[in-house]
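As structure tokens, the structure follows; a few thoughts come after it.
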Amino acid sequence: MSRLAVYPGSFDPLTRGHLDIIHRTARIFDAVIVAVSNNPTKKHTFSVSERLDMVESSIRDLPNVDVDTFSGLLVDYMRVKKAHVLIRGLRVVSDMDYEFQLASFNRRLYKEVETVFLMPDDQYTYLAASMVKEVARLGAPVDAFVTPYVGRRLKRRFPRK
């Protein structure tokens, strides 16, 4: 029986912290789906297709990882995929309150789901996509936070004036 895990998120943009969680998940599970959310009510910097492209370009070296998109309830997507493991990254203690509520809610909606929390490497615990976008918007280098490809996408999105 194959062990499938789903790692959902907006990945707007994909950071090295996200990649660290993806690599860790790929070592633990037989198959991983990085599920890029398509939520039209949220204002994203990058479109769904751009975010899919950034994730796909960054995980080519991981044969057991696929990239997909979903909209609506994550648990409905997981039912369709017959997935029972949900991966969530925890950077700092303050993430735990929200993530604990979310995990409990998801389990209530889909009793077969188990949420697994992974911590990124220490060097990424401070890293948030919103901060990366702000740094890029202000013209500072983002190489330490994202892959070169994602960095180029950010530079095009936020050209220096």
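The values are calculated or read from the model by the stated rules, or taken from the named source; none is laboratory data. Everything quoted here is computed from the prediction, not taken from an experiment. Because the Cβ atoms are built from the backbone with ideal geometry, glycine has one as well, and the counts that use them run over all protein chains shown. Accessible surface areas use protein heavy atoms only, side chains included; no ligands, DNA or RNA. Shrake-Rupley method; radii C 1.70, N 1.55, O 1.52, S 1.80 Å.
Below, the figures for the structure above:
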item: Residue, most open to solvent (accessible area, probe 1.4 Å), within segment 13-50, restricted to residues that are of a type in the set (A, V, I, L, M, F, W, C) and over 21 Å from Val116 (Cα atoms); result: Val48
item: Pair list, Cβ < 7 Å and 6+ apart or interchain, from segment 39-54 residues that are assigned to a helix (DSSP H, G or I) to residues that are of a type in the set (Val, Ile, Thr) and open to solvent by less than 60 Å² (accessible area, probe 1.4 Å); result: Val48/Val36; Val48/Thr69; Arg51/Val36; Leu52/Val36; Leu52/Val67; Leu52/Thr69; Met54/Val150
item: Conditions (1) modelled with pLDDT under 95; (2) among the aliphatic types (A, V, I, L, M); (3) open to solvent by 50 Å² or more (accessible area, probe 1.4 Å): number failed by Leu90; result: (3)
item: Residue satisfying all of: in segment 142-161; part of a loop (DSSP other than H, G, I, E, B) and free of Cβ contacts under 8 Å to residues at least 60 places away in the same chain; surrounded by the fewest Cβ atoms within 10 Å (Cβ to Cβ) among these; result: Lys161
item: Qualifying residue in segment 51-71 (condition: under 20 Å from Ala128 (Cβ atoms) and open to solvent by 30 Å² or more (accessible area, probe 1.4 Å)); result: no
item: Out of Ala83, Ala103, sole residue that is in contact with a strand residue (DSSP E or B) (Cβ under 8 Å, 6 or more places away or on another chain) and assigned to a loop (DSSP other than H, G, I, E, B); result: Ala83
item: Segment 85-101 residues that are under 12 Å from Tyr126 (Cα atoms), paired with ones that are among the charged types (D, E, K, R) (beta carbon under 7 Å, 6 or more apart); result: Leu90/Glu99
item: Matching residues in segment 115-134 - criterion: being among the β-branched types (Val, Ile, Thr) and either modelled with pLDDT under 95 or under 21 Å from Ile28 (Cα atoms) (or both); result: Thr115, Val116, Thr125
